[in-house]
Amino acid sequence: MKHSIFLAAAACTLAATFISCASSKGITADAYDTEEEQVTQIAVTPSQKKLDGDHYSPEKLSGGNRSFGQKLFNLNKYVKIDNFTLYAKPTLGGFGTRKGSLIYREGTDIAGFECYYDSCAYAVQFAQAERNALISAFERYKKDFDEKKLKRKDSKSRQAYGFVGGYEDFGNIEASMMYYCKPKVYFGYNFIDGNPYFCIYVKKAENLAVDQKKEGGFKETIDQSYYFTKAQATVLTEFLSDENISALQGETTVPVEMQQSDSY
């Protein structure tokens, strides 16, 4: 019986994954004229500044207006503020757009995005210092894009603009993510089908929600690469700006009704 329930849940999860994928037809990638492309190596120093304190402490993450029952069953950890799209190239399925949500962790400075990747839902989140590092990385990407400094065959381009410590909730079902981790998150870019994309590369990390010696379940996450056109990354970084998050902190947030995503 348990086996049948597990298979049914897995089937539903896979269905949700493919439903969240949209065809890449009709989407205009960022054009990158290579006639005058420079091949000089970009001088980049990864961001390795040690930050004081735990930006994702249990005390901080437990903030907000969740009830005891919601906290017990891992419900409503964050508020979905709006819909947006991004690109992904997961293990299952080809490169294409994914539908996701811009999210805010009520009562904190933590915000990010959520979407399905392979057979799991992931909520990638950043505290204030990490949000600002992401925004700075995207600004650097735009500058390198305009100055034709992006390198097509750089195997480490996904890590070009440094890294930060992030936070992820994840699980088979979006509505109740039972697991979490604190991955290292790199910022960079990558060329796919001849076009460059800003990239958020989340390294696999240990599942901190289970006792690895006693419990089953996911031992760790998988590597995840999220890709953005300049327009998509602009939507994300404007949402993650201090001005916008401060405004959310200053009001009682209510989940907005899910809006119709842009058709491509």
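The values are calculated or read from the model by the stated rules, or taken from the named source; none is laboratory data. These numbers come from a predicted model, not from an experiment. Note that each Cβ is placed from the backbone with ideal geometry, even for glycine, and that neighbours are counted across all protein chains shown. Ligands, DNA and RNA are excluded from the accessible area calculation, which covers all protein heavy atoms including side chains. Shrake-Rupley method; radii C 1.70, N 1.55, O 1.52, S 1.80 Å.
Remarks
- Taking a quarter of the surface of the Cα convex hull of the range 112-232 gives a mean projected area of 8.2 nm².
- Taking every C-alpha pair closer than 8 Å and separated by at least 6 residues, the mean separation divided by the residue count of the range 185-244 gives a relative contact order of 30 percent.
- For S136 and D211, the FRET efficiency from 1/(1 + (r/R0)^6), where r spans their Cβ atoms and R0 equals 30 Å, is about 0.20.
- Relative contact order computed over the range 110-228 (Cα-Cα under 8 Å; 6+ residues apart), in percent: 21
- Computed label-point distance, nm, for sites K156 and M178 using a 7 Å Cα→Cβ extension: 3.9
- Solvent accessible area, Å² - Y78, 1.4 Å probe, full protein context: 40
- For the range 99-178, the solvent-accessible area of protein heavy atoms averages 34 Å² per residue (probe radius 1.4 Å; ligands and nucleic acids excluded).
- Of all accessible heavy-atom area on the range 137-221, the percent that carbon and sulfur account for (1.4 Å): 46
- With all protein chains modelled, accessible area of I173 [1.4 Å, Å²]: 100
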